[in-house]
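Chemist: If you scroll down you'll find the structure; I have some questions about it.
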Number of protein chains: 2
Amino acid sequence: MYRLINLLLALALLPLTLQANDGYKLWLQYYPIENAEDWMTDVFTDAKVNGSGETISIIKNELELASEGFFNKKTSFTESGSKLWIALKSELPANLASRSTEDLGEEGYHIFNANGQVIVTANTQFGLLYGTFRLLQQIQLLEPISEHGIVEIPKIQKRVLNHWDNLNRTVERGYSGFSIWNWHRLPRHIDQQYLDYARANASVGINGTAITNVNANALVLTPYYLEKAQALANAFRPYGIKVYLTARFSSPMEIGGLKTADPLDPEVQQWWKDKAKEIYDYIPDFGGFLVKADSEGQPGPHNYGRTQAEGANVLADAVKPFGGIVMWRAFVYSEHTPDDRHKQAYNEFVPIDGKFRDNVIVQVKNGAIDFQPREPFHPLFGAMPETPLMMEFQITQEYLGHDTHLAFLAPMYEEVLKEDTYVNGEGSEVAKVIDGSLHDYSMTAMAGVANIGTDRNWTGHHFHQANWYAYGKLAWNPYERSERIALDWIKLTFTSDPDFVNPVKEMMLRSHEMVVNYMTPLGIHHIMARSHHYGPGPWVTGGERADWTSTYYHNASEKGMGFDRTRARSNALEQYAPELQEKWGNLETVPEKFLLWFHHLPWDHQMKSGNILWDEMALHYQKGVDEARQNVKTWKKLENHVDRYRYEHVLSFLKIQAEEAQWWRDAVLLYFGQFSNRPLPEGVESPEHDLEYYMNINHKFVPGI
Amino acid sequence: MYRLINLLLALALLPLTLQANDGYKLWLQYYPIENAEDWMTDVFTDAKVNGSGETISIIKNELELASEGFFNKKTSFTESGSKLWIALKSELPANLASRSTEDLGEEGYHIFNANGQVIVTANTQFGLLYGTFRLLQQIQLLEPISEHGIVEIPKIQKRVLNHWDNLNRTVERGYSGFSIWNWHRLPRHIDQQYLDYARANASVGINGTAITNVNANALVLTPYYLEKAQALANAFRPYGIKVYLTARFSSPMEIGGLKTADPLDPEVQQWWKDKAKEIYDYIPDFGGFLVKADSEGQPGPHNYGRTQAEGANVLADAVKPFGGIVMWRAFVYSEHTPDDRHKQAYNEFVPIDGKFRDNVIVQVKNGAIDFQPREPFHPLFGAMPETPLMMEFQITQEYLGHDTHLAFLAPMYEEVLKEDTYVNGEGSEVAKVIDGSLHDYSMTAMAGVANIGTDRNWTGHHFHQANWYAYGKLAWNPYERSERIALDWIKLTFTSDPDFVNPVKEMMLRSHEMVVNYMTPLGIHHIMARSHHYGPGPWVTGGERADWTSTYYHNASEKGMGFDRTRARSNALEQYAPELQEKWGNLETVPEKFLLWFHHLPWDHQMKSGNILWDEMALHYQKGVDEARQNVKTWKKLENHVDRYRYEHVLSFLKIQAEEAQWWRDAVLLYFGQFSNRPLPEGVESPEHDLEYYMNINHKFVPGI
């Protein structure tokens, strides 16, 4: 007997140190729980899930996975479900159904405790799926289900990932390998990874995915690819995820054989109608089109002298009979327009507010330039009361250090969502535009440009998984707090041990500001290397387009630097509400984080700290470097709290980040130092090399282009 | 107490059905062993490993991984090592050392049982590493270690993988994703996958890797990439693996700024010497260069009117002082040479036999055309007694159905290695050329073009892992039997259950012949689709080069088909020994598998079966299709023997293979049917579509080009 016990003890208590954790399981680790409360183990001993079908199977499978992971136990599904009952509200007896008073809509859920029986209910199976993920999250986090329980209803209808994935599997601005869509094997091979992808999305409430690059290839709308898209749509459907496709505006010519793509041409209109019908034959619940037009070389209605609304409406009319929508990007600008690039989208779209069909939503990037480390919110938010606007955030870190830089983006997203547009007076936050409440939009949506690729951990950096997670959480609820998101993600992904959680949370919450500091503090923007955007490039000038250079934006000279967007020069400020024109136009009141975004200032401009601009700027760069170095030290202290594989991987990336932070600091300060003609202030380290060295760095085959 | 026991039982006995197995662990699954003999568990209870350093750490770690996997137990390393002692021969006491009488050389090992103590010994730590992998394999396979034990000494010195990986991470002829070398993250990030790659190679005895494409980019020889190659070399070194680089012949011009790359130019010679010194500064044990020259657009000595020997020798002289070698490919042919492509390499190389430096080895593909599903052995084997020749096998399935077709290649490799060249009389097998015994070569080597990529299971098809494994085994011992390789691989990778092992072994051993049947039976060759080589293309004609068309090879007309390589036409046969000229030139004695390789024959040519050629051919295609369909059925019966993930993945691919076998059959028979003007014989199914349908299939973005 003792030998048996010893043997079993040995088997049960074996440490998992040798088990590699490559991060594939994301925040759904379902790692073992010690000190669980009784109800947490009970729910797996007597569980009932009403209904049948694929979504219900997924729910059951999820319970089994969690039970095995948490407690190394099988789940017992019973007739009674006396410990856990997952059922539609319509299936609950009146006494239980009546406990759930809120309208849960299509996707909301209610989890509550009814005398020791945990109930997960919703109006749809997808609601039940979301509720199940939440229940399992509560258990992993050791958080209770009270009698009143948890009611969650998404505040935004369409929560979509945008994959800038090409048909050859390269990913534009992708830094975690290649596209997970293996088009060649589709439709015949449905890889497990597609299901794992859908599952991960569902677990954070994402319900749509645009699977192809906005710089679109018309081929994706041909039967050859529609058959493949159909296979993906079939795989995603049980997880509540709809497929969207990017539509190249010139498709009627390229794959339709027409002589024009003029949206007012009846043949073109008919072609889109026929094409939509064809797509819906393949994918009955096709989400609709995502379109980048008249932007960076993409064809669009401008080619025919038509407006963006006329362009969008032809596609909208085509998908309307089938319930589809058009997400039309506002990222429209041209090198032929002499005006500040910052102003062009506003100038183009505001005049056509209200001219769009009701199934069009205009997709606006968080800022007016292009996903810079920090931007003020886009002036379109609040400026189109008659046209639904959606937010486009970038999850992939095109301008934030690519794969190796830890930058937790929830604080950045949160910062934008909380900014006040003032368009209906104080309290008109961007989040209220996005959730439709400010202008009573009939449609709401959010897009996140995915950071997902073939890397074994999906996102390159293990911590970049947190940005996918955070995007999902903020798309569900744009009022969610970064800190809460970080805490939950850390605990779900690693451990609940406060000795790990607290320092990592600090590191994450400060990381975006840290990156801003070593890249583009004080409102500096668009000073990265040309084309691949990897590393600093404040010297980038000339070439194809002025608005793709750094000098266009920083305007550095011996007189100072910054982009004067006050009345004195571009007056982009006039696109914001008067309150903001006043606040941001005034050197006394403009937040210093936006200082050089809106103002051109001399090097000796007096900052609030008492420093002059040049010194302040240099100190910001140094601060970013110091923090990046500190993160390496912090992480090293956590070695015993994390599996070796992820520990080493993260450490390696943190070291690269610290090196590259220094690269940024040295290159940028040397460059601007030419103009400031001032020494570096005390506390700022001297660069290792001279400016020429940094200007000559020429990285080959940088990913993402 | 009972509660505790029950709990522990529950923990210990939980079935692993929910555990996904994505195949990343290859043949090193180390899955739990039931019914182990005592010594198999004992070795992990009292083990000693002499020495220190990285290779010794790897050995210890391997024991720990295996112990955990086999028995869910930790390994106890002790001072005594009374159950297992791993030590250099020089470290063993005389009574044990004297047991090992053979010269184990640099890489051989001896494992034996000395009164209950298992001894693993060798002359080097790499020998110990190989011996350790073998010991663990014996345990997983439940095979004994006798008193005499196991002595293994590799029969080939350099056992090298060739990665046709480009610097942008695409892989030429790669069908399992993209390159696992993340050049951008190198040298700073050493991914765990690099170590896992090296470990897998070491476990099958591979000791070298050429990490870049033979269609080479000169940039890899610049410091920017040498620093990255160095990092890989450092990662691989403890596993006994040397790095080789592909050298673009025109590098002195492209990266050296010279006006010529003429190998007789002193400046060019000096450039290569300086470059070699530079490389060895980065990688002191750099293996040497692999070169594709004067072939398919690659620059080479022909550009300067020099011979292949003159070209090779300039590189050889450069690396000679550092112990490096040059692997110079014999795959030289030109569209400007009017002769049968089959003959060109022989014609080019035989006259310069003996003209190469002693650190050059000529790398010859197994056949004279290009990795066709079946080829007679290359006539160069046996024809260059004064110049070491090495074998180049293709592991990646460029002409064998790409990612989704199960084709176990050991039987194909074995077939070639066993062919008799007759050059020194009967018994002059190709294997004896390769192992150096026939011509007393001072250097021996084998190359395998890798099938490894970013796919989560490394090789796309789970069964293609077996080809990587088989290549390693045959490079170590070219006399190894396919059946043994298949058996071991199945048991290591899945299970030893004979209900699974036997049908899977049958399926694997017949699979290459099956693919030949539905693609290119009876000596037919080079009838695949143009450029990407995906699917049938017997109609391919015209275009850039005649020798890249199908019609060049099959010569089909109403009179018949086949390539007449007898005296009557190209007389490629004359490049073989008289015995083979006689045997293969004679319709009575030529094996039917090579019939149309050497002969052009009328459609009603009488076959040994009694059928006419057309009917026989059609029946071969049908047989291939039938077997591919049967494999689906066979696999379905094995569902309960394999984890769900791999079961589904393999099933999906087997279904695709069955469909594509039919595609091949239908397209090829319809095409040749135009000329034969005969009906399909009984037992051959009618094609689903007409010929035009198949000719119009136009796959987009096929991987590997």
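The values are calculated or read from the model by the stated rules, or taken from the named source; none is laboratory data. Keep in mind it's a predicted model, so treat the numbers as computed, not measured. Every residue, glycine as well, gets a Cβ built from its backbone with ideal geometry; the counts of neighbours run over all protein chains shown. Heads up: the accessible areas ignore ligands, DNA and RNA and are worked out on the full protein's heavy atoms, side chains in. Shrake-Rupley method; radii C 1.70, N 1.55, O 1.52, S 1.80 Å.
Chemist: What shape does the range A:233-284 have by the C-alpha gyration tensor, where a ≥ b ≥ c are the square roots of the eigenvalues, rounded means a/c under 1.5, and otherwise prolate means a/b greater than b/c and oblate the rest?
Modeler: Verdict is prolate for the range A:233-284.
Chemist: Further question: At q = 0.17, 0.19 Å⁻¹, what base-10 log of I(q)/I(0) does the Debye formula yield for the range A:233-343 when every alpha carbon is treated as an equal point scatterer in vacuo?
Modeler: Once normalised to I(0) and log-transformed, intensities are -0.80, -0.95.
Chemist: For B:187-199, what's the mean count of beta carbons from other chains sitting within 10 Å of each residue's beta carbon?
Modeler: On the way: counts 0, 7, 9, 3, 5, 9, 3, 0, 0, 2, 0, 0, 0.
That works out to 3 on average.
Chemist: Need one word for chain B: rounded, prolate or oblate. Basis is the Cα gyration tensor (sqrt eigenvalues a ≥ b ≥ c); a/c below 1.5 gives rounded, then a/b vs b/c decides.
Modeler: Details: a/c = 1.76, a/b = 1.23, b/c = 1.42.
Oblate.
Chemist: If you place +1 on the Cβ of every Lys and Arg and -1 on the Cβ of every Asp and Glu, how big does the dipole about the Cα centre of the range B:186-261 come out, in debye to the nearest 20?
Modeler: The calculated dipole for the range B:186-261 is roughly 120 debye.
Chemist: Which Cα, out of A:SER251, A:ASN168, A:GLY448, lies furthest along the positive dipole direction of the range A:158-480 (beta carbon charges, K/R +1, D/E -1)?
Modeler: A:ASN168
Chemist: Mind putting together the pair-distance distribution for the range A:462-516? All Cα pairs, 10 Å bins, whole percent per bin, short to long.
Modeler: Result, from short to long distances: 24, 57, 20, 0 percent.
Chemist: What is the set of long-range amide H partners of A:SER76 at a cut-off below 5 Å, with H atoms built 1.01 Å from backbone N?
Modeler: A:THR45, A:ASP46, A:ALA47
Chemist: Non-local amide H neighbours of A:LYS242 (under 5 Å, H modeled in plane, Pro and chain starts lacking H): which ones?
Modeler: Amide H to amide H, under 5 Å and 5 or more residues apart or across chains, A:LYS242 pairs with A:GLY208, A:THR209.
Chemist: On to the next question. What per residue convex hull volume, in Å³, comes out for the protein assembly as shown when only alpha-carbon positions are used?
Modeler: It is 196 Å³ per residue.
Chemist: Using alpha carbon centroids, what distance separates the range A:140-185 and the range B:285-346, in Å?
Modeler: Cα centroid to Cα centroid, the span is 50 Å.
Chemist: In sequence order, what are the phi-derived ³J(HN,Hα) couplings for the range B:184-200 according to the Karplus relation 6.51 cos²θ - 1.76 cosθ + 1.60 with θ = phi - 60°, rounded to whole Hz, with x for glycine and proline?
Modeler: 5, 7, 6, x, 6, 9, 9, 6, 3, 5, 5, 5, 5, 5, 5, 4, 4
Chemist: Another one. Taking the DSSP beta bridges in the range A:158-480 as the whole, what percent of them are antiparallel, to the nearest 5?
Modeler: 5
Chemist: Can you tell me what the convex hull of the Cα atoms of the range A:21-152 projects to on average, as an area in nm²?
Modeler: Its Cα hull, projected and averaged over all orientations, spans 7.8 nm².
Chemist: Something else about it: Explain nothing, just compute: Karplus ³J(HN,Hα) = 6.51 cos²θ - 1.76 cosθ + 1.60, θ = phi - 60°, for every residue of the range A:532-543 in order, whole Hz, x for Gly and Pro.
Modeler: Couplings: 7, 6, 9, x, x, x, x, 7, 5, 8, x, x Hz.
Chemist: Let me ask another. Which percent of the Cα-Cα distances in the range A:569-700 go past 17 Å?
Modeler: Considering the range A:569-700, 69 percent of its Cα-Cα pairs are separated by more than 17 Å.
Chemist: Hey, another quick one. Accessible surface of B:ASP317 in the full protein assembly, 1.4 angstrom probe, to the nearest 10 Å²?
Modeler: For B:ASP317, the solvent-accessible surface is approximately 50 Å².
Chemist: Restricted to Cα positions, what overall size does the range B:367-461 have along the principal axes? Three whole-Å values, descending.
Modeler: Cα spread of the range B:367-461 along its principal axes, largest to smallest: 45, 24, 19 Å.
Chemist: Placing +1 on the Cβ of each Lys and Arg and -1 on the Cβ of each Asp and Glu in the range A:551-705, which of A:ASN640, A:GLN606, A:GLN657 has its Cα farthest towards the positive end of the resulting dipole?
Modeler: Selected residue: A:ASN640.
Chemist: Compute from the Cα atoms of the range A:653-705 the Rg and the Dmax, the latter being the longest Cα-Cα distance, and quote both in angstrom.
Modeler: That works out to 13.0, 39 Å for Rg and Dmax.
Chemist: Calculate, axis by axis, the spread of Cα positions in the range A:193-235 along the three principal axes, and write the results as whole Å, longest axis first.
Modeler: 32, 21, 15
Chemist: Same structure, new question: Enter the Cα centre distance for the pair the range B:551-569 and the range A:639-705, rounded to the nearest angstrom.
Modeler: 64
Chemist: Another question, if that's okay. List the equivalent ellipsoid semi-axes of the range B:127-268 in whole Å, largest first, each obtained as the square root of 5λ for an eigenvalue λ of the Cα gyration tensor.
Modeler: Details: eigenvalues 259, 64, 33 Å².
For the range B:127-268, the semi-axes come out at 36, 18, 13 Å.
Chemist: Magnitude of the Cβ-charge dipole of the range B:158-480, K/R +1 and D/E -1, about the Cα centre, nearest 20 debye? Before the final figure, lay out each step's value.
Modeler: On the way: 29 positive and 39 negative charges, 204 e Å.
Using Cβ point charges on Lys, Arg, Asp and Glu, the range B:158-480 gives about 980 debye.
Chemist: So for the protein assembly as shown: antiparallel DSSP bridges make up what percent, rounded to the nearest 5?
Modeler: 25
Chemist: Per-residue Cβ counts within 10 Å, from other chains only, averaged over B:178-186: what number is that?
Modeler: Average neighbour count from other chains, rounded to a whole number: 4.
Chemist: What gaps in nm, shortest first, separate B:GLY53 from its twins in the other copies when you place the label 7 Å past Cα toward the beta carbon?
Modeler: Taking the point 7 Å beyond Cα along Cα→Cβ, the inter-copy spacings are 6.5 nm.
Chemist: Now for a different question. Please report the antiparallel percentage of the DSSP beta bridges confined to chain B, to the nearest 5.
Modeler: 25
Chemist: Given the protein chains as shown and a 1.4 Å probe, how many square angstrom of B:HIS699 are accessible, to the nearest 10?
Modeler: 50
Chemist: Quick one: which residues, 5+ away or cross-chain, put their amide H under 5 Å from the amide H of B:ILE325? H built at 1.01 Å from N.
Modeler: For B:ILE325, the qualifying residues are B:GLY288, B:PHE289.
Chemist: Report, in listed order, any pair from A:LYS60/A:LYS655; B:LYS275/B:LYS365; B:LYS292/B:LYS559; A:LYS637/A:LYS700 with a Cα-Cα distance greater than 30 Å.
Modeler: Working: A:LYS60/A:LYS655 42 Å; B:LYS275/B:LYS365 28 Å; B:LYS292/B:LYS559 39 Å; A:LYS637/A:LYS700 35 Å.
Pairs exceeding 30 Å: A:LYS60/A:LYS655; B:LYS292/B:LYS559; A:LYS637/A:LYS700.
Chemist: Another one. Please report, in cubic angstrom per residue, the volume enclosed by the convex hull of the alpha-carbon atoms of the range B:392-517.
Modeler: Values: hull volume 14.3 nm³, N = 126.
Once divided by residue count, the hull of the range B:392-517 is 114 Å³.
Chemist: If you don't mind, there's one more thing I want to ask. What's the percent breakdown of Cα-Cα distances in the range A:63-116 across 5 Å bins, shortest bin first?
Modeler: Percent of pairs per bin, in order: 4, 15, 23, 22, 16, 13, 7, 0.
Chemist: What are the principal axis extents of the Cα atoms in the range A:158-480, in Å, biggest first?
Modeler: 51, 47, 34
Chemist: Oh, and also: Once you charge only the Cβ atoms, +1 for Lys and Arg and -1 for Asp and Glu, what is the size of the charge dipole of the protein assembly as shown about its Cα centre, to the nearest 20 debye?
Modeler: Result for the protein assembly as shown is approximately 660 debye, rounded to the nearest 20.
Chemist: According to the Kirkwood expression over distinct Cα-Cα pairs, how big is the hydrodynamic radius of the range B:460-559, in Å?
Modeler: 16.2
Chemist: Also: Given the pairs B:LYS242/B:LYS491; A:LYS355/A:LYS418; A:LYS73/B:LYS83; B:LYS48/B:LYS228, which are separated by over 31 angstrom at their Cα positions?
Modeler: Those over the limit are A:LYS73/B:LYS83; B:LYS48/B:LYS228.
Chemist: Next up: Through the Karplus equation 6.51 cos²θ - 1.76 cosθ + 1.60, θ set to phi - 60°, convert the phi angles of the range B:261-271 into ³J(HN,Hα) values in whole Hz; use x for Gly and Pro.
Modeler: Karplus values, whole Hz, x for Gly and Pro: 10, 4, x, 8, 6, x, 5, 5, 4, 5, 4.
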